[in-house]
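Worksheet: the structure to be examined is printed underneath.
The values are calculated or read from the model by the stated rules, or taken from the named source; none is laboratory data. Nothing here was measured: the structure is a model prediction, and the numbers come from that model. Counting neighbours? That spans all protein chains shown, and the Cβs are built from the backbone with ideal geometry, glycine included. We work out accessible area using only protein heavy atoms, side chains counted, and drop any ligands, DNA or RNA first. Shrake-Rupley method; radii C 1.70, N 1.55, O 1.52, S 1.80 Å.
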Amino acid sequence: MRGVARRMLGRDDLADEALQDAMVLIWRKAAQQAGGAGSARGWIYAVLRNRCLTILRDGSRLASLPPEELTRLQEARQDLVPDDGWRLLAGPGRLGDCLQALDDHSRRAILMAHVAGFSHGEISARQGVPLGTTKSWIRRGLASLKECLS
Amino acid sequence: MNGTDRAELAALAGDYALGLMSATEAALFETLMQRDPALAGEVALLNDRLLPLDLSAEPAPLPEGFAEGLRARLREVAAGGDPAPGAWAGTEPGGAANLNRAPWRRRAGLAAALVIGVALGLLGGAQRPAPQPIVVAVLLDDQGQPRAVIEDYGNDTAQIRFVADVEMPPGTSIEAWTLPSQDLGPVSLGVLDGARAAVLRGPDLPPPMDAQLYEITLEPLGGSPTGRPTGPIIAKGLAVAQGL
């Protein structure tokens, strides 16, 4: 689990903070999650990613870092989703095949969101298209993905 | 609800699962999910489908001091204190410094087991809310990755759940063991033909205790021929007494 936080946050101290927070949340919310659909693992990782996003999107949290460090972190996140070699992110299962079947824009946008934690706005800026376009790429892509995986 | 609403909700579930909502939107959506199990199910399904993207992250071992900090925070939460997420800040200096390395390692396992065990135990236990396990052990492999969870109910009944696949060569079984005491030595809790959730009905044993060892080994088909573990250890862990 720590690997996910490190990948998204780029710094050990932030990753460990996210992991601690996630563990506490998991501990507290386990009861209300009881009987919910889906696997325990899927839920636990989702809680962790949400904590990572909270840290990423809390401007004041990152403001204490030197500007060059912030730039480094942003670039490292950008590199998490390579144009080639993205398949490694999906592992050996069917998810990779189904992602492969998507158009490049949708696939990239989905991976940027899930793996690197970019927001709609950040993704649209990086893809050089309007916000609405990014949103519809992602929605269309996810719908195809669900169909392919079902 | 008409089709357009459903489609819109499905799209929102996607945005939520991908982390594309603002904090406010996400909080609203979580309220919605609590009232609409189908919606929560949609999100859970997406989480599961996309899980390989999380599992592909390069594994990273927990840092020193992590378990101590976590344990301290959980104690506060359990005591009714409500430390806001983010309140944790380097707890190593006070906490772990007095402990020599070996007990500290044990504690690391315990704290991690505590959280993961509670989460998994409650999640899996929805259909049988009445009995509570006396101890929960999260079994980690030699890489420190959780592989299985054993909940011991103390009435010679335990439940095992796997959180990762186990590679089983043909002609082998998985056998679950516990070490109630050095005198008794390792005792078999049961033999499994695969890494699937199962109820284990072991022999008559003393009630399980905090820090009791549980492990799973790979044995010849049908279980160990000697009544003691003979094959490689797949994963092991120390139990944590429930009721913090």
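For the pairing of chain B with chain A, what total accessible surface becomes buried, with a 1.4 angstrom probe, in square angstrom to the nearest 100?
Using a 1.4 Å probe, the pair buries roughly 5000 Å².
Counting partner chain Cβ atoms within 10 Å of every residue's Cβ in A:10-23, what's the average?
Mean inter-chain Cβ contacts per residue within 10 Å come to 5.
Obtain the nm distance between the two label points defined at B:LEU184 and A:LEU131 by a simple spin-label model: each point lies 7 Å from its Cα along the Cα-to-C-beta direction.
Each label point lies 7 Å from its Cα, and together they span 6.2 nm.
Hydropathy at least -0.5 by Kyte-Doolittle, axial extent at least 18 angstrom from the Cα trace: which helices of chain A, defined as entire DSSP H runs, fit?
Correct list, ordered by number: A:12-33, A:40-57, A:131-149.
What number, in percent, do you get for the relative contact order of segment B:130-241 if the mean sequence gap of Cα pairs under 8 Å and at least 6 apart is divided by its residue count?
31
Of the listed peptides B:59-72, B:225-238, B:148-161, what is their order by residue-averaged count of other C-beta atoms within 10 Å, with the highest listed first?
Put in order of decreasing packing, that is B:148-161, B:59-72, B:225-238.
When Cβ neighbours within 10 Å are restricted to other protein chains, what is their mean count per residue of peptide A:91-98?
Per residue, the number of nearby Cβ atoms from other chains is 3 on average.
Would you calculate the separation in nanometres between label points at B:ARG6 and A:ASP103, each defined as 7 Å from the Cα along the Cα-to-beta-carbon direction?
Taking the simple label geometry, B:ARG6 and A:ASP103 are separated by 2.6 nm.
Go ahead and estimate [θ] at 222 nm for chain A from helices alone: -39,500 (n - 2.57) per DSSP H run with n ≥ 4, summed, over the residue count, rounded to 500.
Taking each H run of at least 4 residues, the total per residue is -23000 deg cm²/dmol.
Calculate, for segment A:1-79, the solvent-accessible area per residue in square angstrom, rolling a 1.4 angstrom probe over the heavy atoms of the protein chains.
42
Could you quote the convex hull projected area for segment B:130-241, Cα atoms only and averaged over all directions, in nm²?
Directional mean of the projected Cα hull area for segment B:130-241 stands at 6.6 nm².
Share of Cα-Cα pairs in segment A:81-150 beyond 14 Å, in percent?
55
Rolling a 1.4 Å sphere over the protein heavy atoms, what is the accessible area per residue of segment A:81-150, to the nearest Å²?
Result: 45 Å² per residue.
First obtain the Kirkwood hydrodynamic radius of chain A from its Cα pairs, then insert it into the Stokes-Einstein equation at 20 °C and 1.002 mPa s, and state the resulting D in µm² per second as a whole number.
129
Rg/Rh for segment A:1-79: what does it come to with C-alpha atoms and Rh from Kirkwood?
Here Rg/Rh amounts to 1.05.
Between B:GLN34 and A:ASP58, what is the label-to-label distance in nm when each label sits 7 Å out along the Cα-to-Cβ direction?
Placing both labels 7 Å along Cα→Cβ, they lie 2.2 nm apart.
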